[in-house]
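Note sheet for the following structure.
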Amino acid sequence: MALSREGQAQELQTETDDDGLFFFANLAPGLLQLSFASEGLTGQVIYETLSAAQSLTVPDVVLIVATQVTEVHVGVTPAEEAQDEVKLEEKQRIFGLIPNFFVTYDPHPVPLSYKLKFRLAWKSSVDPFTLLAIGAVAGVEQAGNQWRGYGQGAQGYGKRYGASYGDVFGGTFIGGAVLPSLLKQDPRYFYRGSGSKKSRILHAFASSVMCRGDNGKIEPNYSNIGGAFAAGGLANLYAPPGNRNGARLVVSTALIRLGETAVAGVFQEFFIRKVTPSSRNNTPTQP
């Protein structure tokens, strides 16, 4: 404990004994300030007035346990954050039905591991809606007798379905998982959602040929371009012999796919989020 008084620069200090008793001798009369402190307890200050020739006994002083404040900081690693992002993206469906997995509405997304890139590609490729949509495309092609070399009937429909699914599966995995993993690029569309309409349109169109690397920098989208040409190569491979025309089919299919990606980016930027109920509820910022 400590004893101090007005006008006295130096305070007197002492420690209590095992019974909590203390003693100061030869004190001048006047107002005394007595400060009691102990580790882990809340300090207390009392004031007593000492008269001349008086022996002063201080009343009992009780110190209570100090309030303990404990802060626990729980951190999330980038890998865990990326996994949480993908879990949310896997729930994104246009009108609650059409897969919308390869887009992030998070203004500050973290890079995906190669496992998560393959997970998104697989989820998209085997989604029931994807299988049904390919079936519808194969049906339209058969009704119009497109790719005549496949013939008609169940066999012709099966060939058209297999060829269409091979294009989608191969293009999705090569452009959305294999090349992004090898080249360390992010296959997702990064929703902008703010800025002028012109800047958002340019962002959407550029996403077809430009992307964000795993290092966070903008770079040529070799993954999407490579995936588009891979899809063209598969289309030429699966086409009936009479419809194979080599480089011409590969290039035309690749360009169509890149154009579709650009147009899809515009829809993502201005329409699709409004009809995707499970999209993340955040405030988008410009990258």
>> Could you derive backbone 3J(HN,Hα) for segment 124-131 from the dihedral phi with the Karplus parameters 6.51, -1.76 and 1.60 (θ = phi - 60°), listing whole Hz in sequence and x where the residue is Gly or Pro?
In response: 5, 6, 9, 5, x, 5, 4, 5
> Non-local amide H neighbours of Met210 (under 5 Å, H modeled in plane, Pro and chain starts lacking H): which ones?
Replying inline: Asn221
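Quick one: pull the percentage of alpha-carbon pairs in the chain with a separation above 28 Å.
Working: 22921 of 41041 pairs.
Result: 56 percent of Cα pairs exceed 28 Å.
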> Taking springs between alpha-carbon atoms closer than 10 angstrom, which of Gln33, Gln268, Gln83 fluctuates most in the Gaussian network model of the chain?
Replying inline: Gln33
> Say a paramagnetic label sat at a point 7 Å from the Cα of Leu56, along Cα to Cβ; which residues of segment 1-40 have their backbone N under 12 Å from it?
Replying inline: 3-6, 24-35
> For segment 78-275, what proportion of DSSP beta bridges, expressed in % and rounded to the nearest 5, is antiparallel?
Replying inline: 75 percent
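Can you tell me the length gained on complete extension of the stretch Lys91 to Phe270, counting 0.36 nm per residue apart and subtracting the Cα distance?
Numbers: separation 179, 0.36 × 179 = 64.44 nm, distance 1.98 nm.
Result for the pair: 62.5 nm of gain on full extension.
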>> In whole Hz and in residue order, list the ³J(HN,Hα) couplings for segment 262-274 that follow from phi through the Karplus curve 6.51 cos²θ - 1.76 cosθ + 1.60, θ = phi - 60°; x for Gly and Pro.
In response: 5, 5, 4, x, 5, 5, 4, 6, 10, 9, 4, 4, 5
>> For the chain, set up a GNM with springs between Cα atoms under 10 Å and report which of Leu131, Leu88, Leu41 has the largest fluctuation.
In response: Leu41
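If you take all C-alpha pairs in segment 2-50, what percent of them are over 13 Å apart?
Tail fraction, whole percent: 63.
Over segment 2-50, what is the relative contact order in whole percent, taking alpha-carbon pairs under 8 Å and six or more residues apart? It would help to have the intermediate numbers written out before the result.
Details: 58 pairs, mean separation 16.3, N = 49.
Reported relative contact order: 33 percent.
Which ordering of Ile98, Ile134 is given by a fewest-first count of other beta-carbon atoms within 10 Å? Walk me through the numbers before you get to the answer.
Details: Ile98 15, Ile134 20.
Sorted ascending by nearby Cβ count, the order is Ile98, Ile134.
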>> For the pairs Lys91/Lys159; Lys115/Lys198; Lys87/Lys274; Lys87/Lys184; Lys117/Lys159, flag any whose C-alpha to C-alpha distance is greater than 26 Å.
In response: Lys91/Lys159; Lys115/Lys198; Lys117/Lys159
> Hey, what do the phi angles of segment 249-255 turn into as Karplus ³J(HN,Hα) couplings, whole Hz, using 6.51/-1.76/1.60 and θ = phi - 60°, x for Gly and Pro?
Replying inline: 5, 4, 5, 5, 5, 5, 5
> By per-residue mean of other Cβ atoms within 10 Å, what is the highest-first order of 192-203, 108-119?
Replying inline: 108-119, 192-203
>> To test your reading of the geometry: what angle, between 0 and 90 degrees and rounded to tens, separates the Cα axis of helix 197-206 from the longest principal axis of the chain?
In response: 60 degrees
> Just from its helices, what would the mean residue ellipticity at 222 nm be for the chain, if runs of 4 or more DSSP H residues each count -39500 (n - 2.57) and the sum is divided by every residue, rounded to the nearest 500 deg cm²/dmol?
Replying inline: -13500 deg cm²/dmol
> Hey, what did the chain get for relative contact order, percent, Cα under 8 Å, at least 6 apart?
Replying inline: 17 percent
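Each reported figure results from applying straightforward, stated rules to the coordinates on display, with no laboratory input. Keep in mind that this is a model prediction, so the values were computed, not measured. Heads up, the Cβs are rebuilt from the backbone with ideal geometry, glycines too, and the neighbour counts pull from every protein chain shown.
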